[in-house]
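The values are calculated or read from the model by the stated rules, or taken from the named source; none is laboratory data. Note that the structure is predicted; figures quoted are calculated from it, not measured. With ideal geometry, Cβ positions are generated from the backbone for all residues, glycine too; neighbour counts draw on all protein chains shown. We work out accessible area using only protein heavy atoms, side chains counted, and drop any ligands, DNA or RNA first. Shrake-Rupley method; radii C 1.70, N 1.55, O 1.52, S 1.80 Å.
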Amino acid sequence: MRQVGWIAGTTAAVLVAAGAITYAVAESDDPGTRTPAADSADAGFARDMAVHHQQAVEMSYLVRDRTGDEEVRRLAYDIAQTQANQRGMLLGWLDLWELPKVSADPPMTWMGMGDMASGKDGALMPGMATNTELKKLNTLKGKRAEILYLQLMTDHHKGGIHMAEGCVQKCTVGVEKKLAQGMVDAQQSEIKLMADLLKARGAKARD
């Protein structure tokens, strides 16, 4: 309970910091913030993570409306708010760089993994839920909805962490690399919390 409250309590600070990071990208004279190319890791990560984050936001709002459990509702709200804000930052950077928000290349091409996700049933990138899984989540209530959400979000975070680690290694814009590392740290913490929440419900993460 305390940990969920702490995570939720950081949302305001993240929102404030987000504006500062976006401003830094726009105004910094650091060579590391020069406009990246459309096929760069910086642009690819921004595009792909924006899509990845959007699904997390959708799942979080789905479960928030399907359970009365305060722990899960607070976690879902924090994930939705944080990832919606980060998504706005990523798309904002693409605007600042005057780069397209979509690409003809398959997702994760910037990581050399363009053939990893087939897009089958809506799962465009590793960790993303399928359309079938989202429909199932939308039919469940209470504990069953909580368990499926926590399992899906755990998978989602694992895929997101892999992508963010790729940006830490490959991106060249300093503040984007810092944001990516922040995603890794925060989502690893949330995976541990979700494991505890699943255990309390007699369940565990999927293999």
Among the numbered criteria (1) over 23 Å from Gly92 (Cβ atoms); (2) within 16 Å of the chain's Cα centre (by Cα); (3) of a type outside the set (S, T, N, Q), which single criterion is violated by Val168? (1)
How many of the residues in region 171-198 are under 13 Å from the mean Cα position of the chain (by Cα) and without any contact (Cβ under 8 Å) to a residue 24 or more places away in the chain? 4
Which one of Thr154, Thr139 is modelled with pLDDT of 95 or more and open to solvent by 30 Å² or more (accessible area, probe 1.4 Å)? Thr139
Filtered residues of region 93-136 (kept if buried (at least 16 other Cβ atoms within 10 Å of the Cβ) and small (Gly, Ala, Ser)): Ser103, Ala117, Ala123, Gly127, Ala129
Is it the case that Val51 is within 14 Å of the chain's Cα centre (by Cα), modelled with pLDDT of 95 or more, open to solvent by 30 Å² or more (accessible area, probe 1.4 Å) and of a type in the set (A, V, I, L, M)? yes
In region 71-87, which residues are in contact (Cβ under 8 Å) with a residue 60 or more places away in the chain and open to solvent by 30 Å² or more (accessible area, probe 1.4 Å)? Glu71, Arg74, Tyr77, Gln81, Asn85
Exactly one of these conditions fails for Leu90: (1) modelled with pLDDT under 95; (2) surrounded by 21 or more Cβ atoms within 10 Å (Cβ to Cβ). Give me its number. (1)
What tally of residues in region 157-174 results from selecting those that are open to solvent by less than 30 Å² (accessible area, probe 1.4 Å), assigned to a helix (DSSP H, G or I) and of a type in the set (A, V, I, L, M, F, W, C)? 4
